[in-house]
Amino acid sequence: MHDFTHHVRGRRLVLSADEAFGFYATTVLGYFADLVDQWRDGMTVRVGWALFRLAYDAEGDGARIQSPTYGTSPELTFTDDCSLGLWVQAGQAATLLKANVDPLDCGYDDRIIYHHDALASPRIYLERQGNTQPGDSGWYVGPLPPTTQASPDNLVSVHTFQLTTVRPEIMKLLMLPAGTIALVDGHTVEEVVDADDRVLIRGPY
């Protein structure tokens, strides 16, 4: 883990993460630096999909950026290691570049709906609806082949962050636009098509 630093009005701001995520760490540091007039201990800010928290040093002469651990619980706990949140951001940026599409926003706390058989299924599909309510990502995850018809009795709604460690392969898809359908086999994306059935990504990816 590497400490990325930024000095803001004489105060040292630190973000710790895997060195491979330097570009995204620098972006988050710059975002917080721009908000220096609003700084307060414990303030949280969403940057892209991910959430970050500001924690003042005990000495009061600097601050550290923290990230949630993104476990399966709906309750968030924070850590000094921001690698996981930056990893999600890097994957999403790479996917948008590969698909050559503009992003449709999705946050860590937006809801995602999945069929209760999907998480245990090696092959799944994801489909994103448009015209959703605030807080709804529009994403649905189902098993392939379908086991039973989707109904209120077999659907589960969670925050997107709750799937980060359960089905990490889908996290890089979350910023794709409405109408997107993605086929996933294990940890590999097989294919992504848009609302007009044009292939955006042909796997393995």
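Read the figures in this text as sums done on the coordinates, not as results from a lab. Nothing here was measured: the structure is a model prediction, and the numbers come from that model. We place every Cβ from the backbone using ideal geometry, glycine too, and count neighbours over all the protein chains shown.
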For the chain, longest principal axis from Cα atoms; helix 22-34 axis from its Cα atoms; angle between them, nearest 10 degrees, is 60 degrees
How large is the helix-only mean residue ellipticity at 222 nm for the chain, computed as the sum of -39500 (n - 2.57) over DSSP H runs with n ≥ 4, divided by its residue count, in deg cm²/dmol to the nearest 500? -5000 deg cm²/dmol
Beyond 17 Å, how much of the Cα-Cα pair distribution for the range 83-123 remains, as a whole percent? 53 percent
Run the dipole for the chain about the Cα centre, Lys and Arg Cβ at +1, Asp and Glu Cβ at -1, nothing else charged, and hand back the magnitude in debye, nearest 20. 160 debye
Relative to the Cα centre, what is the charge dipole magnitude of the range 1-119, using +1 at the beta carbon of each Lys and Arg, -1 at the beta carbon of each Asp and Glu, and rounding to the nearest 20 debye? 200 debye
How high is the relative contact order of the chain, given as a whole-number percent (alpha carbon pairs under 8 Å, six or more residues apart)? 17 percent
Options PRO152, ALA94, LEU51, ranked by Cα towards positive dipole end of the chain, top entry (Cβ charges): ALA94
Looking at [x] 43, 38, 29; [y] 58, 35, 31; [z] 49, 38, 24, which value of Cα extents along the principal axes in Å comes from a calculation on the structure shown? [y]
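For an R0 of 35 angstrom, estimate the FRET efficiency from the Cβ-Cβ distance between ARG202 and MET1 and round to the nearest 0.05.
Between ARG202 and MET1 the formula returns 0.50.
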Cβ-derived FRET efficiency at R0 35 Å, THR132 paired with ARG12, nearest 0.05: 0.30
Relative contact order, percent, the range 2-89 [alpha-carbon distance under 8 Å, six or more residues apart]: 28 percent
Directionally averaged projected area (convex hull, Cα atoms, the range 2-89), nm²: 5.5 nm²
Write down the radius of gyration of the range 102-202 and its Dmax, each obtained from C-alpha positions, in Å. 12.5, 35
If one computes the Cα centroid of the range 64-123 and of the range 173-200, what distance in Å separates the two points? 16 Å
Taking 7 Å along the Cα-to-C-beta vector as the label spot, tell me the ASP61-SER151 distance in nanometres, rounded to one decimal. 6.6 nm
